[in-house]
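> One structure follows; several queries about it will come next.
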Amino acid sequence: MSWDWKVFFQDTGGGQTYLNWMMSAWGWTLLVSACSLVVALVVGSIMGIFRTTPVKALVWLGNAWTELFRNIPLLVQIFLWYHVIPSIFKGLQAVPDFVAVVIALGFFTSARISEQVRAGIQALPRGQRYAGLAMGLTLPQTYRFVLLPMAFRIVIPPLTSESMNIIKNSSVAFAVSISELTFFAMQAQEETSRGVEIYLAVTFLYFISAFAVNRVAAVIEKRVQVPGMIGGGK
Amino acid sequence: MKLHSKTTLALVASVFAITAYAQDSGTLKKIKDSGAIVLGTRESSGALAFTLGDGKYVGFHTEMAEKIASDIQKQLGMSQLKVTYQPVTSQNRIPLVQNGTVDLECGSTTNNAGRQKDVAFAMTTYVEEGRILTKASSGITGIAGLNGKTVATTTGTTSVQTLRKNKRAAGMDFKEVFGKDHADSFLLLESGRADAFVMDGQILAGLASKAKNPADYKIVGEVLSVEPIACMMRKDDPAFQKAVDNSIQAMVKSGQLAKMYDKWFMQPIPPANTKVGLPLSDATKAAWANPNTKPMEEYALP
């Protein structure tokens, strides 16, 4: 088969080239991923912490949240947020598509992050929690100054994977009509009949996006390591 | 050793496909030597080509392809011809025809100038018209009525491009939403997230006929795009192309093609025994009367 990379300079019929469109699609992919990651990190950390507290109600809430969002396939969750919930609560039809997908992807990933944060906290010797409390720190202070600084360092590697996953999972946003990279690929290959070129370019963009996240995380991991302690023993 | 018969067939077929292709001989020779023809078909292309599940493929173009295969069998004087079906998608159909996996693809492939660089087309047998489906109560009667509305269409179809061009030409402002498949797009219309659904006429007619209450939906307004749909085959194989075209022309002359059209578009069809209810269009009639392989680019909007 013959290559035709000039396809990216064709006009889409809407006053821009396919290259322009792909770049804007890339922007949407990054925007969806970044917003979902913020939601996932915040909610996931809170739920993960809840699950390690001595307060039964919080543990229950954290467990319920994690199991709910981790046991339903992502595409089904997107469908629920986009089609089912707005048909029950009519007012939610006005919620923009972008918000729906950020909530869906953010909550889905938050369940996974909650599990990792819980594992990080539970990996610490129980004595640290007791020591903190014995020093006269309140429970929130014990978390803030004793447990979390070490727990988060431990879970940086799995969190890196999760952050890279979120970029790849953001491809489901095409299902709610966000014109991100996967949407662009499906649409542009049909319009131009040059599927191989289009998919190769899109694959490359996904790769460098995820790899950039990986490199940033590696820098963070190195910066925050504590010599002689967990995560700093390399 | 007893291999699964389907696997054996597939293996034999692919071995023949590879050798036949390596020898660079025509498709007719390949069919004669292998005693088999591989028809490319679609799983869900409205009444043109669809599956009933369980490896059964039916539809207007599928039935036509079966008739072409039996005509080719007669032409080659073969006592037996094994017809196998290979479902294809819009992403893989061209590579599969090019690499010899599929001999003749009759589904819903638009004949356009870009594709003519890679493959050859039989004479146009169906002219698809892009239309607007809306709720009967919406008050929309044409493209002008879409101003300020939300319009749905399906990702990965040429209708997205049609919509984009129309929007630009008319200087209109409407919001576009994209379903991930036709059923999803229809749900957008049904649930009120979209006011209209722009797509190929026969797909719209088919979806509306299967709705909870078909009378709630109406195809309205002008034809937005015209696309010739034709069977696709390997390039530079005039003997095979001629055999296919002759078979189709004989079907046109004998009225058999019109009968097939009536069967799939006007009568109740499986699986739900609903009628698509889309009469033969003037554009399709014209394509039958004057056999041609004009690409989409040469069709002017009516």
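The values are calculated or read from the model by the stated rules, or taken from the named source; none is laboratory data. Keep in mind that what you see is a predicted model, and the values were worked out from it rather than measured. Because the Cβ atoms are built from the backbone with ideal geometry, glycine has one as well, and the counts that use them run over all protein chains shown.
> With the condition being more than 14 Å from every other protein chain (Cβ to nearest Cβ) and of a type outside the set (Val, Ile, Thr), I'd like the helices (runs of 4 or more DSSP H) fully within segment A:30-116 carrying at least 1 qualifying residues. Let's see the steps before the verdict.
Numbers: elements: A:56-70, A:74-79, A:85-88.
Because the criterion is at least 1 residues that are more than 14 Å from every other protein chain (Cβ to nearest Cβ) and of a type outside the set (Val, Ile, Thr), the helices (runs of 4 or more DSSP H) in segment A:30-116 that meet it are A:56-70, A:74-79.
> Any idea which of (1) within 14 Å of chain B (Cβ to nearest Cβ); (2) buried (at least 23 other Cβ atoms within 10 Å of the Cβ); (3) within 14 Å of A:Ser33 (Cα to Cα) is the one A:Ser171 doesn't satisfy?
Checking A:Ser171 against (1) within 14 Å of chain B (Cβ to nearest Cβ); (2) buried (at least 23 other Cβ atoms within 10 Å of the Cβ); (3) within 14 Å of A:Ser33 (Cα to Cα), the one that fails is (2).
> Out of (1) modelled with pLDDT of 90 or more; (2) farther than 24 Å from B:Thr274 by Cα; (3) not small (Gly, Ala, Ser), the odd one out for B:Thr51 is which?
(2)
> Can you pull out the residues in segment B:230-248 that are in a loop (DSSP other than H, G, I, E, B) and free of Cβ contacts under 8 Å to residues at least 60 places away in the same chain? Explain how you work it out, then say what you get.
Our first condition is that a residue be in a loop (DSSP other than H, G, I, E, B); within segment B:230-248, this holds for B:230-231, B:234-237.
Answer for segment B:230-248, where residues must be in a loop (DSSP other than H, G, I, E, B) and free of Cβ contacts under 8 Å to residues at least 60 places away in the same chain: there is none.
> Shifting gears a bit: Which one is farthest from B:Ser225 (Cα to Cα) among residues in segment B:152-179 that are at the interface with another protein chain (Cβ under 8 Å from one of its Cβ atoms) and surrounded by fewer than 21 Cβ atoms within 10 Å (Cβ to Cβ)? It would help to see each step written out before you state the result.
Kept after step one, since they are at the interface with another protein chain (Cβ under 8 Å from one of its Cβ atoms), are these residues of segment B:152-179: B:155-158, B:160-161, B:164-165, B:167-168, B:176-179.
Checking the rest, the ones that are also surrounded by fewer than 21 Cβ atoms within 10 Å (Cβ to Cβ) come to B:161, B:164-165, B:167-168, B:176-177.
Numbers: B:Gln161: 10, B:Arg164: 12, B:Lys165: 10, B:Lys167: 13, B:Arg168: 14, B:Glu176: 17, B:Val177: 19 Å.
Selected residue: B:Val177.
> Moving on to the next point. What's the number of the only condition in (1) under 25 Å from A:Thr192 (Cβ atoms); (2) in contact (Cβ under 8 Å) with a residue 24 or more places away in the chain; (3) within 25 Å of the chain's Cα centre (by Cα) that B:Ala170 fails to meet?
Failing condition for B:Ala170: (3).
> Kindly provide the set of residues from segment B:181-231 that are out of contact with any strand residue (DSSP E or B) (no Cβ under 8 Å at 6 or more places or on another chain) and within 16 Å of B:Ile140 (Cβ to Cβ), ordered by number.
Answer for segment B:181-231, where residues must be out of contact with any strand residue (DSSP E or B) (no Cβ under 8 Å at 6 or more places or on another chain) and within 16 Å of B:Ile140 (Cβ to Cβ): B:Glu190, B:Gly192, B:Glu222.
> Separate question: Which condition number does A:Phe207 fail, the rest of (1) under 25 Å from B:Ser159 (Cβ atoms); (2) without any contact (Cβ under 8 Å) to a residue 24 or more places away in the chain being met?
For A:Phe207, the exception is condition (1).
> Name the residues in segment B:249-302 that are without any contact (Cβ under 8 Å) to a residue 60 or more places away in the chain and in contact with a Phe, Trp or Tyr (Cβ under 6 Å, 6 or more places away or on another chain), would you?
Listed by number, the residues that qualify are B:Val252, B:Leu280.
> Also, I was wondering about something else. Working only within segment B:177-211, note down all residues that are free of Cβ contacts under 8 Å to residues at least 12 places away in the same chain and either outside any helix (DSSP H, G or I) or within 15 Å of B:Val276 (Cα to Cα) (or both).
We begin by selecting, within segment B:177-211, every residue free of Cβ contacts under 8 Å to residues at least 12 places away in the same chain; these are B:187, B:191-192.
Residues satisfying the conditions are B:Ser191, B:Gly192.
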